[in-house]
Every structure is written in C-alpha cells, then in structure tokens.
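The values are calculated or read from the model by the stated rules, or taken from the named source; none is laboratory data. Because the structure is predicted, anything quoted here is derived from the model rather than measured. In this analysis, Cβ positions are derived from the backbone assuming ideal geometry, glycine residues included, and neighbour counts consider all displayed protein chains.
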Ligand code: MN
C-alpha cells in the first residue's frame, strides 16, 4: 500500500455541536446526524479508518462553515480560537494528526494573526476557509493583510465549498442542484477564478491555494480560460501570465469526494503530477472507496507517490513518521 497523507478530513468540537447545528447550513441535517459521532472521534475509530487505507497523517479541519456564518465578529474571532486550541491539543496527543486553522474571516487582520498563531505556536499546516464570508470573497481588498501573512508564513489556504450568499434564480425549482451535486462546484470554482483574475498570485507569487474535488472542474477548462481571457470583457485588467500558468504555480487540487480515473488524469495532465494530492473528505465520504481507487488508478508509480504523500509532505512541510 502506498503511504498517504489525507488533506480534507473533518472533525467537530463537542461543545459546539449545537452552535454549529445552527450555522452549518451547507450540510444536510440527515448527513450531519450520521456523521456526528465520527466527526467527534479522535481515537480508535478515526485511526482504524486511516490504517485501513495506509493514511499516515490526516490533516484535520472543522466541518464547515463554522464561525464564518457568525454575525457577531467578536464572537466569531473568539470561537475560532477555541476551535484551534481544541485541535492543537488533539494534534499534540496524536502525532498522526495535522491541522488546518479555522479562521474568522469577518476580521481579516484577526484571521491573519490567528493563522500565524496556529502555524507558529500550535503546529498547524495552513488554513481551511469555507467559501465566502457574509458575501465577501477572498479577492476583496480587505483581505490584503491576510494574503500578506499567508505569503510570509508560506502555508497553503484550502478553499472548502460553501453555499453562495444568496440562492440565485438559476436554481429555482431544483433543490437537488443547490449543494454538493452542483452549486458548491460553481461557487468554489468561481471563488478560485476571482482570486486568479484579481491578480492575487501576481501580488503574492508564493501564495498556495488548495481546491478539493479534483479542482472543481477547472483543470478541464484550463485551455479555454487562456483562449477566452484574451477576448473577455477584462477592461484594463492585466495578468503577468496566462491564466492556466497559475494552476501550475499557485494552485493544487485534492481528490476529496472524487474517485474517477478520467478527471484524475485530466488534473494530472493539465496541472502536473506535483499539483494533485490525496484526500478522503472523512467522514462524509468512504475511506475504503478513496483508498482502493487511488491504489488502482492509472498513474505511474512515481505519480502515485507524489499524489498520495510526497506533494502534501513538501507543501505542508510535514515530517515523515516512522509507523
Ligand atoms: Mn469536506
């Protein structure tokens, strides 16, 4: 079995279940109910699920959207720190866990400070951000202090899907399309493109973004992004590089919730084998399915090693564990 680092693995803070029950509008109550126990477990159950598919390290993140849905900024900032302190303790107790910081993006400077605390003092590897915050996306000017800190700390930012700020008309009469079937993909891919076309990666060339679901369809579209960007309504917008180039320098994708060969090959062939990383999306997806699939997927031995563990180890600066 190829050793693995899994990057989109969720948990829940036990004291916060009720609170997040009111804010976690992006998870269906039925799915949340089923996942609740697995989310709260940091012991045998989670470790057994990891062992079964050769996951050496799980990088844990709070099930979203968490404090980003909080209306009171001070409460969001305080609760984010509580979540991070809790996760830090779990990481300390179990060396096979890493962590992505949970941040109150309502206050970009506080989020930058908290990210620094999580990385420097609490042993975390980056941040997971659950989409928009109160209708604001990460390309907004107010996030400049955040991106500066991300760049200084040289840690990745994982954009996890969330709902759009309003339910737009194109989803009318189709509740099944609103959520993981489709709208999360539109929302998250658009978020990433907003960052790219805003010139974020020109201003912060070492900023690193991570997207789940094998890139939210974007690897498939890279050629067209370059071709149509040329004739788009871009006004005086300028980029130093063709759009596709940023996918090879500043963006990585994970296999979370996607176990299909053709889209995997598409991501590897378009972005490079050094830009794709393994993830399960535990406990919302089945670890055995993800593990069995990646072992048998049409990859060279070298590509499989990069995707399963080597890329994540270098991007997240994770040390090798002797298991
Ligand atoms: Mn997830």
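Some points to look at:
- Hits in the range 23-70 (condition: part of a loop (DSSP other than H, G, I, E, B) and at pLDDT 95 or above): 41, 42, 43, 53, 54
- Sole residue being without any contact (Cβ under 8 Å) to a residue 60 or more places away in the chain and either within 16 Å of the ligand (Cβ to nearest atom) or surrounded by fewer than 16 Cβ atoms within 10 Å (Cβ to Cβ) (or both), chosen from 46, 109: 109
- Considering each residue of the range 91-99 in turn, none proves to be within 16 Å of the ligand (Cβ to nearest atom), part of a helix (DSSP H, G or I) and in contact (Cβ under 8 Å) with a residue 24 or more places away in the chain.
- Restricting 283, 298, 263, 287 to those that are surrounded by fewer than 14 Cβ atoms within 10 Å (Cβ to Cβ), out of contact with any strand residue (DSSP E or B) (no Cβ under 6 Å at 6 or more places or on another chain) and modelled with pLDDT of 95 or more reduces the list to 298.
- Lone unmet requirement of (1) farther than 30 Å from residue 177 by Cβ; (2) more than 16 Å from the ligand (Cβ to nearest atom); (3) buried (at least 23 other Cβ atoms within 10 Å of the Cβ) for residue 126: (2)
- Residue selected from the range 152-180 under the condition under 19 Å from residue 64 (Cβ atoms) and away from the ligand (no atom under 16 Å from the Cβ), by the criterion surrounded by the most Cβ atoms within 10 Å (Cβ to Cβ): 155
- Taking the conditions (1) surrounded by fewer than 18 Cβ atoms within 10 Å (Cβ to Cβ); (2) over 25 Å from residue 99 (Cα atoms); (3) within 16 Å of the ligand (Cβ to nearest atom) in turn, residue 231 satisfies each one other than (3).
- Listed conditions (1) at positive phi; (2) over 17 Å from the mean Cα position of the chain (by Cα); (3) within 16 Å of the ligand (Cβ to nearest atom) are all met by residue 281, apart from (2).
- Unmet requirement for residue 252, which otherwise passes all of (1) modelled with pLDDT of 95 or more; (2) out of contact with any strand residue (DSSP E or B) (no Cβ under 6 Å at 6 or more places or on another chain): (2)
- All positions within the range 284-302 that are without any contact (Cβ under 8 Å) to a residue 40 or more places away in the chain and either within 18 Å of residue 95 (Cβ to Cβ) or more than 21 Å from the chain's Cα centre (by Cα) (or both): 296, 297, 298, 299, 300, 301, 302
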